[in-house]
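The values are calculated or read from the model by the stated rules, or taken from the named source; none is laboratory data. All figures in this text were calculated on a predicted structure; none of them were measured in a lab. Cβ sites come from the backbone with ideal geometry, for glycine too, and all protein chains shown count toward neighbours.
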Amino acid sequence: MGGFFGAVSKHDVIADVFFGTDYHSHLGTKRGGMAAFDKEAGLQRDIHNIENSPFRTKFDDVFDEMKGNSAIGCISDSDPQPLLIRSNLGTYAICIVGVINNSEDIIKQYLSFSGGHFVAMTSGKVNSVEIVAALINQKSSFAEGIKFAHSVINGSASLLILKNDGSIIAARDKYGRTPIHIGKSEDGYCASFESFACQKVGYELEKELGPGEIVEFDSEKLTVLENPGKEMKICSFLWTYYGYPNSIYEGINVEVMRNQNGRILAQYDKEIGNSIDLDYVSGVPDSGTPHAIGYANESGVPFGRPFIKYTPTWARSFTPPNQIERDRVAKMKQLPVHDLIVDKKLLFVDDSIVRGTQLKETVDFLYSNGAKEVHMRSACPPVMYSCKYLNFSRATNEMELIARRVIVELEGEEGLKYIEEYSDASTARGKSLRRAIAEKFNFASLEFQSIEGAIKAIGIEPCKLCTYCWNGKG
């Protein structure tokens, strides 16, 4: 997906933005970038590929190469950014978080009247950040341009703009699908996707922008350029999987939500008579762990870690570009704790079951190391749709989604008319989906969190949440 961090201060902010951006490394693995403004040096920019090395190691010389009292940085799972743009609005640096589904239509429409051009990347693709900039530049002010971009884009785009006067504009996407937090210190302001990044580099949380809200700040003050809209659809998956444990979105902490989510899963198992004689409850590391702790606390079954992920030298398992390499890395990272596996009945909670390929490897690994039973629980509902609003690294062809693929195997294309029934564990179709996936992956049993359970765990109004990947309602 991606994340960003920007700051303006009375002192040099390169260190603030370096560490603030690095705290978004869990959100992307492809590109990292920084841009800074200094009155003497002007706008500076640096972009690196971070697929094989983390952001911190690729930018460890940034303190010698950049200086400035204002800067922005980003982690991206898509196009290189930030970009430097020269336009009628001036020269500025810009980075975004989001996805543009109608990019080709925007490009054709723009070229039809402007007489301008775009810089084409490999295969002719245009950097999505440049597309957003082209939309903004069609208006006479940044605020009007950003509002125009939000109105045209099918998808989403939260953004930071570093102007050539040193101020920063932060704009949350139209429906607030991703967050932007504003922090304040004695010497200035910052803007960040993740709330904890503000606090770790010395800023107190001032506010969270509302959907479509646009602000501009320098070291002295923050000005609201556009008030927030009334309709919000923040991504539910941020709490379930993507958010870091100490992140806060709309006032709700990720770790607290995941613990509550696990408790609700355990309560549901008890209600439907699905409680099992177990030796241990465990999480599929890392993001499944807090859900599992909640499940264990509610069920009374001891929490244990039958296997540990070896992470000092192995990259995150979704980093490699193809599934074979992702599976290989995932397998090499798994180290068994035999005393907690051999002849034991285990229940694992995973953050989600999307394709299921790595999960099957995990279950086979546990059985090969002596597990007696391996039960599986998903901390989110069956993923039935590929996200069309955010650039998730997990986004995929819909027929690669295990739940959707199994529906077609059970009932053909006709079955896709009954996705709502298949999602519901109480229906005959819902039960058949769970049995089929359990048999395919050798689970002793399988259950998913319900949409209602996930919403209850998050704890904000359902109308403010995007649940598109679960029920097609965005």
Residues located in region 236-258, provided they are surrounded by 20 or more Cβ atoms within 10 Å (Cβ to Cβ) and assigned to a helix (DSSP H, G or I): Phe237, Leu238, Trp239, Thr240, Tyr241, Tyr242, Val254, Met257, Arg258
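Condition check: hydroxyl-bearing (Ser, Thr, Tyr), free of Cβ contacts under 8 Å to residues at least 12 places away in the same chain and over 26 Å from Thr362 (Cβ atoms). Does Thr427 satisfy that?
Considered against the rule, which asks whether it is hydroxyl-bearing (Ser, Thr, Tyr), free of Cβ contacts under 8 Å to residues at least 12 places away in the same chain and over 26 Å from Thr362 (Cβ atoms), Thr427 comes out as yes.
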Number of the condition not met by Lys67 [criteria: (1) surrounded by fewer than 17 Cβ atoms within 10 Å (Cβ to Cβ); (2) of a type in the set (Lys, Arg); (3) more than 30 Å from Pro285 (Cα to Cα)]: (1)
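Looking for whichever is buried (at least 23 other Cβ atoms within 10 Å of the Cβ) and within 24 Å of Leu222 (Cα to Cα) here; the options are Ile96, Ile75. Which one fits?
Ile96
Against the definition (modelled with pLDDT of 95 or more and in a strand (DSSP E or B)), how does Ile161 come out, yes or no? Spell out the reasoning first.
Values: modelled with pLDDT of 95 or more: yes; in a strand (DSSP E or B): yes.
Here the answer is yes, as Ile161 does meet what is asked.
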Residue within region 199-209 that is within 23 Å of Ser141 (Cβ to Cβ) and crowded, with 16+ Cβ neighbours inside 10 Å present: yes
Hits in region 287-326 (condition: in a helix (DSSP H, G or I), surrounded by 17 or more Cβ atoms within 10 Å (Cβ to Cβ) and at pLDDT below 80): Arg326
Unique residue being more than 16 Å from Ile94 (Cβ to Cβ), in the same structural domain as Ile94 (by TED's automatic domain parsing) and touching a strand residue (DSSP E or B) at 6+ places or on another chain (Cβ under 6 Å) when the list is Glu208, Glu186: Glu208
Count of residues meeting criterion [among the aliphatic types (A, V, I, L, M) and surrounded by 24 or more Cβ atoms within 10 Å (Cβ to Cβ)] in region 175-189: 1
Per-region count, region 259-286, residues in a loop (DSSP other than H, G, I, E, B) and in contact with a Lys or Arg (Cβ under 9 Å, 6 or more places away or on another chain): 6
Meets criteria (closer than 29 Å to Asn101 by Cβ, in contact with a helix residue (DSSP H, G or I) (Cβ under 6 Å, 6 or more places away or on another chain) and in the same structural domain as Leu346 (by TED's automatic domain parsing)) for Glu420: no
Only one of Ser25, Ser9 that is modelled with pLDDT of 90 or more, more than 25 Å from the chain's Cα centre (by Cα), surrounded by fewer than 24 Cβ atoms within 10 Å (Cβ to Cβ) and outside the structural domain of Cys387 (by TED's automatic domain parsing): Ser9
Matching residues, region 251-286, being of a type in the set (Val, Ile, Thr), at pLDDT below 95 and within 26 Å of the chain's Cα centre (by Cα): Val284
Filter result for Tyr280 (assigned by TED's automatic domain parsing to the domain that holds Glu373 and in contact with a Leu (Cβ under 7 Å, 6 or more places away or on another chain)): yes
